[in-house]
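S.K.: Let me begin by handing over the structure; questions about it come next.
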Amino acid sequence: MSTDEDLYRTMRLIRRFEERAIELVHSGEIVGGIHPYIGQEAIAAGVCAALRDDDVITSTHRGHGHVLAKGSDPVRMLAELTGRSTGLNKGRGGSMHAADFSKGIYGANGIVGAGGAIATGAAWAAVKEGSDRVAVSFFGDGAVNQGVLLETFNLAALWRLPVLFVCENNGYATTLTIEQGVAGSITARAAAFGMPAVTVDGADARAVRDAAAEAVARGRAGGGPSFLECTAYRFDAHHTWEHKARVRYRADEEVAAGRSRDPLDVQGARLPEGARAAIDAEVEAVLTEAVAFALDSPAPDPAGALDHLYATGLRGRNGIGLFEGVR
Amino acid sequence: MARLSYLKALQRALADEMARDERVCVLGEDIGVGVNNVTTGLLAKHGPQRVVDTPLSEQAFTSFATGAALAGLRPVIEFQIPSLLFLVFEQIANQAHKFSLMTGGQAKVPVTYFVPGSGSRSGWAGQHSDHPYGLFAHVGVKTVVPATPEDAYGLFLTAIRDDDPVVLFAPAGSLGVRADVDMDALGPVPLGVGRVHREGADVTVVAVGHLVQAALDVAEQLSDQISVEVFDPRTLYPFDWAGLAASVNKTGRLVVVDDSNRMCGIGAEILAVAAEEMRLAVPPRRVTRPDGAVLPFARELDLAVQPQRDQLLTAVQEVYKSSR
Ligand SMILES: Cc1ncc(C[n+]2csc(CCOP(=O)(O)OP(=O)(O)O)c2C)c(N)n1
């Protein structure tokens, strides 16, 4: 079982990774921007603390925390965000598609609600091969209105598959509030399919870990899917370009109140004297290395822009005449 | 030689592949009893863990298959009707197809999406009669449309063994086609290799799916006046451009017959590539459904929208007569 230090270390890693990534967005090294996970770290850290390396996760457009918590190398992850050939996905995925199959990470996903069915299919494959692996699908409160996710709850419950659905309810889907977007309660939707569904404080990594561990144990033992709603507050904008759009949808007081309960402080307070500072220093060193590695790494060769398009290596035509004697 | 129907060939291909490779499983609606006759007998043989009757949840089970494939299985999905592919375009074009590139080659998604009965099935009207193969070819999903029993067998086998997602359309108009085949010679047919069903010197007719039979009829009918070569691409993506070039560079004349919509259809692409890269003596023609067509119900209307043999015949004659 993960210790308080482990949980804090993961959260601190996610926090500093994101802060450094935001700097790189502002300096133009990361093109396109990112969806910061700051404020929600306890969820990724808590859930992934209950998982093994060979368990599968699917993530979201706000995926850095999940990928890091599941064990991906932050150095190669940052190289991915900066579009380098040394990145996890060789610079082909970027922030919204970061994936690491060696750690069971089937990828962040740019389509809201898309990962649920993929995770559930992976859970099915695990059962068929006789293993006790489980799969976890992370998604936001906006995703619970996607039909495919609701269809997926049915399949998972019907076939008693070892999948854990983790809804990170940060109260907003971009600018749409939960009150504007979700009829009824989120857990009631899951419960309607006959799976256990509970709500936990997503700022408390221990609480998340314990709830996830129970659900994962049930899944491994053949008890079918579970649903975990984690309440949270997104500290920053939906996306790093939000300020350019000059949209306002959260009152300053609300943001201040949301930020006042920082999950890192909640967990940090549980550490013995001196431990927090030591972990912070350790994480800082990793990120300094990550930034240097990302910036020193080569950009991919444009000639290989469509490498990996097909697993079989099929090559399409480039729009240039192929046949002899023509052009 | 034995008589083999197209439908039986599909059934046999799936049965053989499931027996050969236990990672192959099949998912779909009402496949346990085999309402489309392709999965008949498989449930009894392999059980419900490999022959999975799904709820009516196309979007979920399509990406479910992606997840299972990422985890090492080789799922085949049977779709009851071709227009269900519109429902799962996100799951195929935007998820399954993009996984390999977006992950830098970490992932492969060997799923086969299979539509036994694509195009018009008399009287099924607007929402059951499309041939959406051009959409998949456009986004680069491997797209297969066999025309004969042996190709149906061989291409289905290849699709299942392929490490990328593949959509296989079995045109409704082909399901009843029968041929004398040497059962022992049945085997995989590679993707991207077309087939010349009939050699000719004057006009190349490219025919897709069930229209291969129509093209052969027309070629026969015109045989005393015009020598028609019938080229069946068999796979629309990847397309056998070299095979087509060999034919067109010989005949210099091209007609495409394709039972899908004209605007941005596969016929348009074939004409464009031929115009850009092959030696055409005269402007090419295509016989297709009209722009943006929706198939009407009444028999007369349905037929008025689908490409007909006499239209093809006229097009071949006109192309043959025309000169620059
Ligand atoms: C199916 C779909 N619809 C819309 C979008 C555009 N979009 C990206 S993130 C987002 C909000 C998602 O909200 P939520 O699921 O609550 O996650 P959060 O951003 O709060 O983490 C939207 C609308 C999308 N990517 N996919």
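S.K.: Would you check if A:Glu168 is among the charged types (D, E, K, R), open to solvent by less than 30 Å² (accessible area, probe 1.4 Å) and either within 16 Å of the ligand (Cβ to nearest atom) or at positive phi (or both)?
M.R.: Details: among the charged types (D, E, K, R): yes; open to solvent by less than 30 Å² (accessible area, probe 1.4 Å): yes; either within 16 Å of the ligand (Cβ to nearest atom) or at positive phi (or both): yes.
So A:Glu168 passes the test.
S.K.: Mind counting the residues in segment B:210-226 that are under 21 Å from B:Val115 (Cβ atoms) and either in contact with a helix residue (DSSP H, G or I) (Cβ under 6 Å, 6 or more places away or on another chain) or modelled with pLDDT under 95 (or both)? If you could, list the steps in order and put the result at the bottom.
M.R.: Let us first name the residues in segment B:210-226 that are under 21 Å from B:Val115 (Cβ atoms), namely B:210-214.
From the residues that got through so far, the ones that are either in contact with a helix residue (DSSP H, G or I) (Cβ under 6 Å, 6 or more places away or on another chain) or modelled with pLDDT under 95 (or both) too are B:210, B:214.
Counting residues in segment B:210-226 that are under 21 Å from B:Val115 (Cβ atoms) and either in contact with a helix residue (DSSP H, G or I) (Cβ under 6 Å, 6 or more places away or on another chain) or modelled with pLDDT under 95 (or both) gives 2.
S.K.: Let me ask another. Only one residue in B:Val203, B:Val193, B:Val181, B:Val230 is out of contact with any Phe, Trp or Tyr (no Cβ under 7 Å at 6 or more places or on another chain), hydrophobic (A, V, I, L, M, F, W, C) and buried (at least 21 other Cβ atoms within 10 Å of the Cβ), so which one is that? Step through it out loud before you land on a result.
M.R.: Working: B:Val203 fails: out of contact with any Phe, Trp or Tyr (no Cβ under 7 Å at 6 or more places or on another chain); B:Val193 fails: buried (at least 21 other Cβ atoms within 10 Å of the Cβ); B:Val181 fails: buried (at least 21 other Cβ atoms within 10 Å of the Cβ).
The conditions single out B:Val230.
S.K.: Additional query: Within segment A:223-242, take every residue that is more than 14 Å from every other protein chain (Cβ to nearest Cβ) and away from the ligand (no atom under 16 Å from the Cβ) and give me the one that is most open to solvent (accessible area, probe 1.4 Å).
M.R.: Of all residues in segment A:223-242, those more than 14 Å from every other protein chain (Cβ to nearest Cβ) come to A:223-224, A:226-242.
Narrowing the set further to residues that are away from the ligand (no atom under 16 Å from the Cβ) leaves A:223-224, A:226.
Working: A:Gly223: 25, A:Gly224: 2, A:Ser226: 2 Å².
Checked segment A:223-242; the qualifying residue most open to solvent (accessible area, probe 1.4 Å) is A:Gly223.
S.K.: May I ask you to verify whether B:Arg262 is farther than 27 Å from B:Glu150 by Cβ, open to solvent by 10 Å² or more (accessible area, probe 1.4 Å) and touching a Pro at 6+ places or on another chain (Cβ under 7 Å)? Break it down stepwise before answering.
M.R.: Working: farther than 27 Å from B:Glu150 by Cβ: yes; open to solvent by 10 Å² or more (accessible area, probe 1.4 Å): yes; touching a Pro at 6+ places or on another chain (Cβ under 7 Å): yes.
Here the answer is yes, as B:Arg262 does meet what is asked.
S.K.: Would you tally the residues in segment B:77-107 being within 11 Å of chain A (Cβ to nearest Cβ) and of a type in the set (Asp, Glu)?
M.R.: Of the residues in that region, 1 qualify.
S.K.: Another question about this same structure. I'm trying to understand the selection: among the residues of segment A:184-210, which are away from the ligand (no atom under 12 Å from the Cβ) and closer than 30 Å to A:Leu271 by Cβ? Can you show your working first?
M.R.: If we filter segment A:184-210 for residues that are away from the ligand (no atom under 12 Å from the Cβ), which is where we start, we get A:184-185, A:187-201, A:203-210.
Passing the criteria: A:Val198, A:Thr199, A:Val200, A:Asp201, A:Ala203, A:Asp204, A:Ala205, A:Arg206, A:Ala207, A:Val208, A:Arg209, A:Asp210.
S.K.: State yes or no: is A:Ala79 under 25 Å from B:Phe64 (Cβ atoms) and in a helix (DSSP H, G or I)?
M.R.: no
S.K.: Consider segment A:172-183. How many of its residues are more than 8 Å from the ligand (Cβ to nearest atom) and on the phi > 0 side of the Ramachandran plot?
M.R.: So the count comes out to 0.
S.K.: Here is a follow-up. Take the residues in segment A:96-122 that are polar (S, T, N, Q) and away from the ligand (no atom under 15 Å from the Cβ); name whichever of them is least open to solvent (accessible area, probe 1.4 Å).
M.R.: Let us first name the residues in segment A:96-122 that are polar (S, T, N, Q), namely A:102, A:109, A:120.
Cutting the leftovers down to away from the ligand (no atom under 15 Å from the Cβ) gives us A:102, A:120.
Values: A:Ser102: 94, A:Thr120: 0 Å².
Only one residue fits best here, namely A:Thr120.
S.K.: Based on this model, can you work out whether A:Leu264 counts as away from the ligand (no atom under 16 Å from the Cβ), in a helix (DSSP H, G or I), of a type outside the set (Val, Ile, Thr) and open to solvent by less than 30 Å² (accessible area, probe 1.4 Å)?
M.R.: Numbers: away from the ligand (no atom under 16 Å from the Cβ): yes; in a helix (DSSP H, G or I): yes; of a type outside the set (Val, Ile, Thr): yes; open to solvent by less than 30 Å² (accessible area, probe 1.4 Å): yes.
Against the criterion (away from the ligand (no atom under 16 Å from the Cβ), in a helix (DSSP H, G or I), of a type outside the set (Val, Ile, Thr) and open to solvent by less than 30 Å² (accessible area, probe 1.4 Å)), A:Leu264 qualifies.
S.K.: Has segment B:62-83 got any residue that is β-branched (Val, Ile, Thr), more than 30 Å from B:Leu295 (Cα to Cα) and either free of Cβ contacts under 8 Å to residues at least 60 places away in the same chain or open to solvent by less than 20 Å² (accessible area, probe 1.4 Å) (or both)? Spell out the reasoning first.
M.R.: Pass one, segment B:62-83, residues β-branched (Val, Ile, Thr): B:62, B:66, B:76-77, B:81.
Among the residues that remain, those that are also more than 30 Å from B:Leu295 (Cα to Cα) are: B:66.
Okay, now just the ones that are also either free of Cβ contacts under 8 Å to residues at least 60 places away in the same chain or open to solvent by less than 20 Å² (accessible area, probe 1.4 Å) (or both), so B:66.
The answer is yes, given that some residue of segment B:62-83 is β-branched (Val, Ile, Thr), more than 30 Å from B:Leu295 (Cα to Cα) and either free of Cβ contacts under 8 Å to residues at least 60 places away in the same chain or open to solvent by less than 20 Å² (accessible area, probe 1.4 Å) (or both).
S.K.: Which count do you get for residues in segment A:6-21 that are surrounded by fewer than 18 Cβ atoms within 10 Å (Cβ to Cβ) and either of a type in the set (Lys, Arg) or touching a residue at least 24 places away in the same chain (Cβ under 8 Å) (or both)?
M.R.: Total satisfying the criteria: 1.
S.K.: Please enumerate the residues belonging to segment A:39-62 that are away from the ligand (no atom under 13 Å from the Cβ), in contact with a strand residue (DSSP E or B) (Cβ under 7 Å, 6 or more places away or on another chain) and in a helix (DSSP H, G or I).
M.R.: A:Val47, the sole residue that qualifies.
S.K.: Please go through segment A:137-149 and give me each residue that is within 12 Å of chain B (Cβ to nearest Cβ) and within 21 Å of B:Ala69 (Cα to Cα), ordered by number. Even if it seems obvious, please write down each step before you answer.
M.R.: Start the filter on segment A:137-149 by keeping residues that are within 12 Å of chain B (Cβ to nearest Cβ), which leaves A:137, A:146-149.
Selection gives A:Ser137, A:Val148, A:Leu149.
S.K.: All but one of (1) in a loop (DSSP other than H, G, I, E, B); (2) more than 14 Å from chain A (Cβ to nearest Cβ) hold for B:Glu17, so report the exception by its number.
M.R.: In the conditions (1) in a loop (DSSP other than H, G, I, E, B); (2) more than 14 Å from chain A (Cβ to nearest Cβ), B:Glu17 misses (1) alone.
S.K.: Against the definition (touching a Ser or Thr at 6+ places or on another chain (Cβ under 6 Å) and either open to solvent by 10 Å² or more (accessible area, probe 1.4 Å) or in a helix (DSSP H, G or I) (or both)), how does A:Val25 come out, yes or no? Before the answer, list the steps.
M.R.: Numbers: touching a Ser or Thr at 6+ places or on another chain (Cβ under 6 Å): yes; either open to solvent by 10 Å² or more (accessible area, probe 1.4 Å) or in a helix (DSSP H, G or I) (or both): yes.
Yes, satisfied.
S.K.: When you check A:Leu158 against the structure, is it within 14 Å of chain B (Cβ to nearest Cβ) and either more than 21 Å from the chain's Cα centre (by Cα) or within 15 Å of the ligand (Cβ to nearest atom) (or both), yes or no?
M.R.: Numbers: within 14 Å of chain B (Cβ to nearest Cβ): yes; either more than 21 Å from the chain's Cα centre (by Cα) or within 15 Å of the ligand (Cβ to nearest atom) (or both): yes.
Judged against the criteria, A:Leu158 is a match.
S.K.: Hey, can you tell me all the residues within segment B:268-298 that are in contact (Cβ under 8 Å) with a residue 60 or more places away in the chain and open to solvent by less than 10 Å² (accessible area, probe 1.4 Å)?
M.R.: First pass over segment B:268-298, keeping only residues in contact (Cβ under 8 Å) with a residue 60 or more places away in the chain: B:269-270, B:294-297.
Scanning segment B:268-298 gives B:Ile270, B:Leu295.
S.K.: To continue, here is another question. For segment A:63-71, state whether one or more residues are open to solvent by less than 10 Å² (accessible area, probe 1.4 Å), within 14 Å of chain B (Cβ to nearest Cβ), within 16 Å of the ligand (Cβ to nearest atom) and in a helix (DSSP H, G or I).
M.R.: Yes, there is a match, as at least one residue in segment A:63-71 is open to solvent by less than 10 Å² (accessible area, probe 1.4 Å), within 14 Å of chain B (Cβ to nearest Cβ), within 16 Å of the ligand (Cβ to nearest atom) and in a helix (DSSP H, G or I).
S.K.: Exactly one of (1) in contact (Cβ under 8 Å) with a residue 12 or more places away in the chain; (2) more than 12 Å from chain B (Cβ to nearest Cβ); (3) of a type outside the set (A, V, I, L, M) is unmet by A:Glu179. Its number?
M.R.: Among (1) in contact (Cβ under 8 Å) with a residue 12 or more places away in the chain; (2) more than 12 Å from chain B (Cβ to nearest Cβ); (3) of a type outside the set (A, V, I, L, M), A:Glu179 violates only (1).
S.K.: Can I ask one more? Give me the pairs: first residue in segment B:191-207 and at positive phi, second residue part of a strand (DSSP E or B), beta-carbon distance under 8 Å, and six or more apart or on different chains, which are they?
M.R.: B:Gly192/B:Thr235
For every residue, the table says whether it meets (1) facing chain B (nearest Cβ under 10 Å); (2) open to solvent by 10 Å² or more (accessible area, probe 1.4 Å); (3) within 27 Å of A:Gly32 (Cα to Cα).
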position: A:Ile57; (1), (2), (3): no, no, yes
position: A:Met77; (1), (2), (3): no, no, yes
position: A:Asp132; (1), (2), (3): no, yes, no
position: A:Glu151; (1), (2), (3): yes, yes, no
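The values are calculated or read from the model by the stated rules, or taken from the named source; none is laboratory data. None of these values were measured; they are calculated from a predicted model. Every residue, glycine among them, receives a Cβ derived from its backbone with ideal geometry; neighbour counts consider all protein chains shown. Note: areas computed on protein heavy atoms with side chains; ligands, DNA, RNA excluded. Shrake-Rupley method; radii C 1.70, N 1.55, O 1.52, S 1.80 Å.
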